[in-house]
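Engineer: Quick one: this structure, given as structure tokens, is what I'll be asking you about.
The values are calculated or read from the model by the stated rules, or taken from the named source; none is laboratory data. Here the structure is a predicted model, which means the values were calculated and not measured. Cβ: placed from backbone, ideal geometry, glycine included. Neighbour counts: every protein chain shown. Heads up: the accessible areas ignore ligands, DNA and RNA and are worked out on the full protein's heavy atoms, side chains in. Shrake-Rupley method; radii C 1.70, N 1.55, O 1.52, S 1.80 Å.
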Amino acid sequence: MPAAHDLAMKSRVHPKYKTKYRVRNWRAYKRALVQRGDVTLWLSTGARAAWRPAPSGQPGGLKRFSDLAINTALTLRLVFRLPLRQAEGFLRSVLSMMDVDLEAPDHTTLSRRSRHLDVELRLVPAQGPIHLIVDSTGLSIGGEGEWAAAKHSGRGQRGWKKLHLGVDRSGVIVVHTLTDATVDDATTGIGLIEALDADIARVTADGAYDTIAFYETAAALGATVVVPPNKTARVSRRRPRSSARDRTIKRMNKIGRRRWKKEVGYHRQARVENAFFRYKSIIGGSLRARSPGGRVTEAVIACNVLNQMTEVGRPESYSIGR
């Protein structure tokens with residue numbers, strides 16, 4: 001019977017195959033990491049003027065707070081992981097210390113307005129065609145987890161949503177969507193590719209996206225697909241078929257899966273995995289909003305927070321061998 005040490009080694013990549021990296025701009029990146037923790041808050045003159053909405057000319061009562069004010073309060077709530085009532089008190093104290101004549105939205109207004117808040121994904125300008133890397137992760141739904149199981153004597157089921165992200169090679173989130181847990185990854189990945197308003201040079205994803213439709217969607221935009229086929233994949237002999245997928249299968253059968261991944265640069269898939277790690281480390285592994293619209297808004301604001309932190313500074317690493 002093999003030793004415990006041998007069994008543990010079988011489940012890992014051997015150290016001699018691991019590539020080591022070094023950060024080239026460590027000083028600048030270290031300053032950026034420190035700046036990410038800076039809690040200095042300020043409101044520009046334009047933000048103060050837009051805190052209260054202008055008259056719309058439409059029938060009905062005028063809203064007390066603009067979308068900017070609601071977005072600001074919800075952003076602070078996510079970053080500091082506050083319930084709605086505490087977020088209201090936090091923003092109220094911040095405005096008081098700033099000595100500005102502005103009110104903080106109350107928690108009921110935040111809950112109601114978040115369902116229909118129009119928030120756009122904040123993009124970092126890209127240079128040249130995008131190398132799109134896609135994947136998905138699960139986020140638990142607040143109020144439908146352990147509490148339901150305890151109330152119904154262990155028969156409750158945990159609720160989940162899937163967050164699908166598309167990042168570029170530097171880790172910036174360029175496209176996203178929130179779906180039910182039962183939605184197919186490859187089908188959603190096609191939607192992410194089509195929703196991205198930019199030139200795409202390459203699309204990288206894991207084996208869950210190994211479908212002919214995924215290959216065809218990327219090929220229609222002139223993008224190269226880097227997706228590892230299943231171990232049982234075979235070259236297609238009848239339609240529908242993808243010549244790009246068939247070439248990948250032939251090449252992998254010839255040189256092996258490990259060498260193929262190194263040859264095509266599949267290690268860049270780690271960029272989107274790192275984005276999920278940052279999301280769950282900074283924002284959390286669950287959605288706090290209870291309404292479907294509020295959950296979508298929360299996901300967009302969370303992606304904007306991560307992109308803004310990335311824009312402050314990002315590491316530039318290079319390989320130094322094994």
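Engineer: Any aspartates and glutamates with Cα under 16 Å of the K63 Cα? List them, leaving off those in the same chain fewer than 8 positions away.
Structural biologist: Cα-Cα hits under 16 Å: E103, D106, D118.
Engineer: With both bridge residues required to lie in the chain, what share of the DSSP beta bridges run antiparallel, to the nearest 5%?
Structural biologist: On the way: 18 of 27 bridges.
Once the DSSP bridges in the chain are tallied, antiparallel ones form about 65 percent.
Engineer: Something else about it: Averaging over every viewing direction, what projected area does the convex hull of the Cα atoms of the range 147-288 cover, in nm²?
Structural biologist: Details: hull surface 44.4 nm².
Mean orientational projected area (the range 147-288, Cα hull): 11.1 nm².
Engineer: Cβ under 14 Å from L68's Cβ, L68 left aside: what net charge do those residues give with Lys, Arg +1 and Asp, Glu -1?
Structural biologist: Once all neighbours under 14 Å are counted, the net charge is +2.
Engineer: Give me the percent of the accessible area of the chain that comes from carbon and sulfur atoms, probe 1.4 Å, all protein chains in place.
Structural biologist: On the way: 9840 of 19430 Å².
Roughly 51 percent of what the probe reaches on the chain is carbon or sulfur.
Engineer: List, largest first, the extents of the alpha carbons of the chain along their principal axes, each in whole Å.
Structural biologist: The principal-axis extents, from largest down, are 70, 50, 50 Å.
Engineer: Moving to a separate point now. Taking Rh as the Kirkwood radius computed over C-alpha pairs, what is the Stokes-Einstein D of the range 210-298 at 4 °C in a medium of viscosity 1.567 mPa s, expressed in µm² per second?
Structural biologist: It comes out at roughly 82 µm²/s.
Engineer: Springs between alpha-carbon pairs under 10 angstrom, Gaussian network model over the chain: which of Q269, Q127, Q58 fluctuates most?
Structural biologist: Looking only at Q269, Q127, Q58, the biggest GNM fluctuation is shown by Q58.
Engineer: To continue, here is another question. What does the charge dipole of the chain about its Cα centre add up to, to the nearest 20 debye, if the Cβ of each Lys and Arg holds +1 and the Cβ of each Asp and Glu holds -1?
Structural biologist: Using Cβ point charges on Lys, Arg, Asp and Glu, the chain gives about 1900 debye.
Engineer: Now for a different question. Just the number please: accessible area per residue for the chain, 1.4 Å probe, all protein chains included, in Å².
Structural biologist: 60
Engineer: Could you give P(r) for the range 161-203, binned at 10 Å from zero, as whole percent values over all Cα-Cα pairs?
Structural biologist: 27, 57, 17
Engineer: Let me ask something additional. Normalised by the number of residues in the chain, what is the relative contact order in percent for Cα pairs under 8 Å and 6+ residues apart?
Structural biologist: 25
Engineer: Around T211, with a cut-off of 13 angstrom between Cβ atoms, what is the net charge of the other residues, counting Lys and Arg +1 and Asp and Glu -1?
Structural biologist: In short, -3.
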